[in-house]
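Note sheet for the following structure.
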Amino acid sequence: QVQLVESGGGLVQAGGSLRLSCAASGRAVGVYAMGWFRQAPGKEREFVAAISGSGSTTYYATSVEGRFTISGDNTKNTVYLQMNSLKPEDTALYYCALGRRFFPGRTKNDYDYWGQGTQVTVSS
């Protein structure tokens, strides 16, 4: 059974940083793509970043490119999202997801399993 557990969320001031972690069990992180999505109140869940099974390919949403970095540690079966220069509009519940294929996708349909989410709140 696949389980994804996110951690690292919290309250931070604008301009600050947070590092989210997603620990996977039941399936090797290095085989399938992993992604991060977020959902703000009253909005659709949106793509944030994704990484291929090998870690050689990464994708980012335009809104976070240059500020967020996705990475993986296959020895720990964990994927990370380093978030710098945070803005109030980054406030959301952040979810990690395990993909269906080796290469990452940018849509929710590209992912089979989801974590419960970790809250990120950025104050102005």
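The values are calculated or read from the model by the stated rules, or taken from the named source; none is laboratory data. Since we're looking at a predicted model, the values are computed, not measured. Here the Cβ is made from the backbone with ideal geometry for all residues, glycine too, and neighbour counts use every protein chain on show. The area values use the complete protein model at the heavy-atom level, side chains included, leaving out ligands, DNA and RNA. Shrake-Rupley method; radii C 1.70, N 1.55, O 1.52, S 1.80 Å.
Points to keep in mind about this one:
- Of note, GLN3 does not satisfy the criterion of being touching a Lys or Arg at 6+ places or on another chain (Cβ under 6 Å), under 24 Å from ASN109 (Cβ atoms) and of a type in the set (S, T, N, Q).
- Qualifying residue in region 103-116 (condition: touching a residue at least 40 places away in the same chain (Cβ under 8 Å), under 11 Å from the mean Cα position of the chain (by Cα), assigned to a loop (DSSP other than H, G, I, E, B) and closer than 22 Å to GLU44 by Cα): yes
- When restricted to residues that are at pLDDT 95 or above and open to solvent by 10 Å² or more (accessible area, probe 1.4 Å), region 87-104 contains 6.
- Meets criteria (at pLDDT below 95 and not hydroxyl-bearing (Ser, Thr, Tyr)) for ASN84: no
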